[in-house]
Amino acid sequence: MNFEHRPVLLKEAVNSLLKKGQKTHLFSSGDHELTNGIFIDGTFGRGGHSKKLLSFLDHSSKIFVFDKDPEAIDFARKMSEKDNRIKVIHSSFSNIKDELLRRNIFCVDGVLLDLGVSSPQLDDGNRGFSFLKNGPLDMRMDPTKGISVAEWLSIASVDEIREVILNYGEERFAFKIAKAIVARREKKAFTTTLDLAECISCVIPKKKNGKHPATRSFQALRIYINNELFDLSKGITSAIEMLKPGGILVTISFHSLEDRIVKNIITFDESKKSIYAGLPLLQKDLPSPKIRQILKILPDESEISKNPRARSAVLRVAQKSFN
Ligand SMILES: C[S@@+](CC[C@H](N)C(=O)[O-])C[C@H]1O[C@@H](n2cnc3c(N)ncnc32)[C@H](O)[C@@H]1O
């Protein structure tokens, strides 16, 4: 089946990468001037952002596109057969630096990270991401690596499950859910998404905001099984290293845990430097003085009404310093 992805904050992300400002006419003009540059799309998905960016780039430009998901990579390879400016890399964006250096690319003009899952991943029940569609309980972006959620839930302790659901789902019933999962697996192992969603629904009260009771737990398990927060902080750090002076980093995050990591790294405030002095923190945990946030954009009502997935999106634009 052909599942589609509608890119979120498309105009804003592409205009920012091209340093065009946010004026709509710059984006929609048909006969715009072409720019030259090397860009990274760290989260290709179905290539919505890459495709738009390419329409502004000249023939000698390049976009290196990354994705963990083999289906997204197949899609990217098909696109690259028609457009040799696209270079496809099946890897996590946390490896941006190594992958680029290996290809003799030493700096880039812009990096885009449109985080989380794509609509095709959620809409295809067989990927095991959705609590609304039945399918194998997998949730790996790259099903050829690591272990599935079903495998992990068959071996994890109550404490480990509680910690993941609490830390990555901010779910206050995490302990109750973890106990129920372990009690249930002792009778019968979890194999499907609906199986797990029903087990969670049975032990916690219905959410007042109409959200499915398994929403937070599924988010947590997905983040954990894909190592998403580690990838994000390593990915941003290595993207910053690869940016040229004045280069642009654009991130689109969909929940507060992601956004907090991005914000902490890119909103370094020289005047607050002293508050970190003496704390037992490693350099990597501190905001980077090499980059500054220059813009934060939220989707408007019109975008949210056309694409409800955009509801929780936060786009941040940061620029690498010139010195
Ligand atoms: C929100 S979608 C991107 C959609 C894309 N911008 C578009 O317009 O089609 C996120 C994509 O990033 C991929 N992804 C998530 N984490 C990743 C990581 N650490 N490295 C590489 N790809 C990742 C997912 O597999 C998914 O395809």
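Annotations for the structure displayed:
- The single condition from (1) among the basic types (K, R); (2) more than 16 Å from the ligand (Cβ to nearest atom); (3) buried (at least 20 other Cβ atoms within 10 Å of the Cβ) that R172 fails is (3).
- Restricting the stretch 98-135 to residues that are of a type in the set (G, A, S) and outside any loop (DSSP other than H, G, I, E, B), the residue that is farthest from the ligand (Cβ to nearest atom): G125
- All positions within the stretch 34-88 that are in a strand (DSSP E or B) and within 9 Å of the ligand (Cβ to nearest atom): D41, F66, D67
- Any chance R260 is of a type in the set (K, R), under 28 Å from G169 (Cβ atoms), modelled with pLDDT of 95 or more and not in a helix (DSSP H, G or I): no
- Among residues of the stretch 138-159 that are closer than 13 Å to E186 by Cβ, those with a beta-carbon under 6 Å from a residue that is away from the ligand (no atom under 16 Å from the Cβ) and open to solvent by 30 Å² or more (accessible area, probe 1.4 Å) at least six positions away or on a different chain give the pairs S154/A189; V158/K179.
- Matching residues in the stretch 21-44 - criterion: being open to solvent by 10 Å² or more (accessible area, probe 1.4 Å) and modelled with pLDDT of 80 or more: E33, L34, T35, N36, I38, T43
- Single condition V111 does not satisfy, out of (1) closer than 24 Å to T144 by Cβ; (2) in contact with a Gly (Cβ under 8 Å, 6 or more places away or on another chain): (1)
- Near pairs, Cβ below 6 angstrom, 6+ apart or cross-chain, from the stretch 53-67 (without any contact (Cβ under 8 Å) to a residue 60 or more places away in the chain) to any residue that is among the acidic types (D, E) and assigned to a strand (DSSP E or B): I63/D41; V65/D41
The values are calculated or read from the model by the stated rules, or taken from the named source; none is laboratory data. The shown structure was predicted, so the numbers you read here are calculated from the model rather than taken from an experiment. When we count neighbours, we look across all protein chains shown, and the Cβ atoms used for this are built from the backbone with ideal geometry, even at glycine. For the accessible areas, the whole protein counts, side chains as well, though only heavy atoms, and no ligand, DNA or RNA atoms are used. Shrake-Rupley method; radii C 1.70, N 1.55, O 1.52, S 1.80 Å.
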